[in-house]
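No value in this document is a laboratory result; all are computed from the given coordinates. Not measured: the values here are computed from a predicted model. No Cβ is skipped: glycine too gets one built from the backbone with ideal geometry, and neighbour counts run over all protein chains shown.
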Amino acid sequence: MMAGSSALHPDHRIGVVQIGLGPIGQGIVRRVLEMPGVRLVGAVDPAPDKAGQDVGSLVGRARVGVEVQPRLDPDAVAGASVALHSTGSHLEAVMDQLLALVEAGLSVISTCEELAWPWHHHPGPAQRLDRAARRAGVTVLGTGVNPGFVMDLLPLVMTGVCTRVEHVHARRVVDASRRRGPLQRKIGSGLAPDEFDRLVAEGRLGHVGLPESAALVAAGMGWRVDRIDNVVRPLIASRPIETPHLSVRAGQVQGLLQTVTAWQGDRERVRLDLVMALDPPASEDAPTAGGARGVDHLRITGEPPLEVVVPGGIFGDTATVAAVTNAIPRVMEAPPGLLSVKDLAAPGWWSGAAW
């Protein structure tokens with residue numbers, strides 16, 4: 001039996017509930033409303049300016065007759081078989097939400113970055129969530145663009161044509177000046193350098209999920225991981241930078257450079273370099289492309305050696321919405337438990353046709 005199949009609607013459309021209506025959650029709702037095989041049956045967000053609104057109106061579409069609920073309760077999830085979850089990056093902060101959804105009999109597709117591969121850094125919560133999902137007969141998946149695709153799943157898929165793999169290197173440059181305001185603030189834009197360093201030391205700054213991507217790649221390769229290093233450094237603006245959300249003066253932080261390495265003994269197996277900045281400096285592999293400087297650059301050392309470059313990079317907000325919604329049929333067919341993107345069939349575009 002498919003996970004959640006008992007909650008399919010009589011017209012065979014998959015009932016989904018959206019948990020969290022920030023920019024990503026609203027993007028997910030807009031795509032769901034365009035998918036003929038999916039029916040939005042509920043939406044949950046505690047924000048006072050959202051609760052009680054028709055979710056269609058909230059996301060700039062026609063009214064759909066689904067009122068945003070301030071909390072998760074039976075009425076909010078009635079008729080749903082899958083919860084699309086986008087409320088937070090840290091597993092500990094969203095664990096109760098995930099367990100409540102599982103206990104309600106829903107499979108979960110979440111953008112929580114630490115859920116992409118929690119077994120290395122958060123084994124206790126991962127085991128607890130896995131046991132709960134198996135008991136309930138549902139599937140839990142963490143996915144997105146990064147983690148979930150560019151710097152972990154895509155390199156793993158590339159190695160499918162290799163007879164030998166020694167090292168995986170992924171480099172991603174993101175022009176955050178074109179991204180949503182919360183992300184621009186999350187990378188430290190506008191901070192003084194000493195404040196940036198303090199927040200990094202407290203574990204409050206840096207791209208959440210990059211260590212999980214390194215652990216996921218290593219697990220997919222079957223490599224033992226003895227340690228994962230995570231270094232976050234500021235990029236300092238040499239001139240003023242203005243976005244619709246922030247003003248950055250020269251000498252303030254414009255973004256970050258984060259490097260995560262996974263080691264097997266004294267041998268580096270995985271290296272992930274992430275630049276996320278307002279107007280990042282151009283480089284040989286990240287020239288200005290359509291007005292934005294960005295790139296996704298993957299290199300596999302092995303036999304044969306492989307290299308893939310995506311000029312301009314993959315736009316994260318749109319790709320995250322796609323990753324979540326395209327995963328719906330994969331999750332419906334998956335066995336119960338806590339899974340990762342490497343456990344499912346390679347993702348592809350889903351038109352949203354009737355199930």
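Within the listed set 296, 152, 197, the residue fluctuating most in the Gaussian network model of the chain (springs between alpha-carbon atoms under 10 angstrom) is 197.
Given Cα pairs under 8 Å that are at least 6 residues apart, what percent is the relative contact order of the stretch 153-313?
Details: 365 pairs, mean separation 53.7, N = 161.
RCO, the stretch 153-313: 33 percent.
Calculated [222 nm] ellipticity per residue, helices only, for the chain: -7500 deg cm²/dmol; basis is -39500 (n - 2.57) per DSSP H run with n ≥ 4, divided by all residues, nearest 500.
How tilted is helix 123-136 with respect to the longest principal axis of the chain? Cα atoms for both, answer in degrees (0 to 90, nearest 10). Between helix and principal axis, roughly 20 degrees. Positive contributions from Lys and Arg (+1) and negative ones from Asp and Glu (-1), summed over other residues with Cβ under 11 Å from the Cβ of residue 112, come out at -4. Springs join every pair of Cα atoms under 10 Å in this Gaussian network model of the chain, and among 15, 160, 312 the largest mean-square fluctuation is at 160.
How much net charge surrounds residue 166 when only other residues with a Cβ under 13 Å from its Cβ are counted (Lys, Arg +1; Asp, Glu -1)?
Numbers: positive: 164, 267, 269, 271, 299; negative: 268, 303.
Net charge around residue 166: +3.
When the Gaussian network model of the chain links Cα atoms closer than 10 Å, the mean-square fluctuations of 239, 269, 249 top out at 239. Relative to the first principal axis of the alpha-carbon coordinates of the chain, what is the inclination of helix 210-221, with its axis defined by its Cα atoms, in degrees from 0 to 90 and to the nearest 10? Approximately 80 degrees, to the nearest ten.
Residues with beta-carbon under 12 Å from that of residue 246, excluding residue 246: net charge, scoring Lys, Arg +1 and Asp, Glu -1?
+3
Grab the beta carbon distance between residue 47 and residue 267, set R0 = 45 Å, and tell me the FRET efficiency rounded to 0.05. Intermediate values should be presented prior to the final figure.
Values: r = 47 Å, r/R0 = 1.05.
Computed FRET efficiency for residue 47 and residue 267: 0.40.
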